[in-house]
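Visitor: Here you go, one structure.
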Amino acid sequence: MNRAAVTSYVLDLDPLNYADAYFYNAVANYKLNKIEDAEKSGLKAEHLDLRTHFPQVHLLLAEIFARKNNYALAIEEIQTYLALAPHAKDADQVREQLAKLEKAERLSVNQ
């Protein structure tokens, strides 16, 4: 590629791993409140991320599932994130979020 001809930002993606593109697409759709599209891209990123390069995809999916009141799947995704990144900077906050989701799930089951 002729770098001198580049006049805009370039996202250098690994040509053999499209998980990052699906992850960023999922984030963008989530921010645009396109939840179904975000879920689709997030699940595709999760499926393609064989090297667990993006453990945060699990947090995004947890948020999506929680918004859809599917607390069981949201809890699963957070547990996966914590298993992949137990010492992440946000691990304590994520554990608090997990506790809130578990409480919400219990309340929804009891209704």
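The values are calculated or read from the model by the stated rules, or taken from the named source; none is laboratory data. Nothing here was measured: the structure is a model prediction, and the numbers come from that model. As a convention, Cβ positions derive from the backbone with ideal geometry for all residues, glycine included, and neighbour counts pool all protein chains shown.
Visitor: Yes or no: region 22-45 includes at least one residue that is among the acidic types (Asp, Glu), under 21 Å from Leu82 (Cα atoms) and either at pLDDT below 95 or part of a loop (DSSP other than H, G, I, E, B) (or both).
Guide: The initial filter retains those residues of region 22-45 that are among the acidic types (Asp, Glu), namely 36-37, 39.
From the residues that got through so far, the ones that are under 21 Å from Leu82 (Cα atoms) too are 39.
Among the residues that remain, those that are also either at pLDDT below 95 or part of a loop (DSSP other than H, G, I, E, B) (or both) are: none.
No, there is no match, as no residue in region 22-45 is among the acidic types (Asp, Glu), under 21 Å from Leu82 (Cα atoms) and either at pLDDT below 95 or part of a loop (DSSP other than H, G, I, E, B) (or both).
Visitor: Here is a list: Leu73, Leu60. Which entry is in contact with a Leu (Cβ under 8 Å, 6 or more places away or on another chain), within 23 Å of Ala19 (Cα to Cα) and modelled with pLDDT of 95 or more? Let's see the steps before the verdict.
Guide: Details: Leu60 fails: in contact with a Leu (Cβ under 8 Å, 6 or more places away or on another chain).
From the options Leu73, Leu60, the qualifying one is Leu73.
Visitor: May I pose another question? Would a scan of region 53-61 turn up a residue that is surrounded by 14 or more Cβ atoms within 10 Å (Cβ to Cβ), farther than 19 Å from Tyr24 by Cα and in contact with a helix residue (DSSP H, G or I) (Cβ under 8 Å, 6 or more places away or on another chain)? Give the derivation first.
Guide: Taking region 53-61 and keeping what is surrounded by 14 or more Cβ atoms within 10 Å (Cβ to Cβ), we get 53-61.
Next, from what is left, pick out any that are farther than 19 Å from Tyr24 by Cα: none.
No, region 53-61 contains no residue that is surrounded by 14 or more Cβ atoms within 10 Å (Cβ to Cβ), farther than 19 Å from Tyr24 by Cα and in contact with a helix residue (DSSP H, G or I) (Cβ under 8 Å, 6 or more places away or on another chain).
Visitor: Another question about this same structure. Which residues, taken from region 91-107, are at pLDDT 95 or above and closer than 21 Å to Tyr30 by Cβ?
Guide: Once the filter is applied, which keeps residues that are at pLDDT 95 or above and closer than 21 Å to Tyr30 by Cβ, region 91-107 yields Gln93, Val94, Glu96, Gln97, Leu98, Lys100, Leu101.
Visitor: State whether the residues of region 30-42 include one that is crowded, with 18+ Cβ neighbours inside 10 Å, within 28 Å of Lys103 (Cβ to Cβ), acidic (Asp, Glu) and in contact (Cβ under 8 Å) with a residue 24 or more places away in the chain. Please lay out each step first, then the result.
Guide: Keep residues of region 30-42 that are crowded, with 18+ Cβ neighbours inside 10 Å, which gives 30, 38-39, 41-42.
Then keep just the ones that are within 28 Å of Lys103 (Cβ to Cβ); that gives 30, 38-39, 42.
Keeping just the survivors that are acidic (Asp, Glu) gives 39.
Cutting the leftovers down to in contact (Cβ under 8 Å) with a residue 24 or more places away in the chain gives us 39.
Yes - at least one qualifying residue is present in region 30-42.
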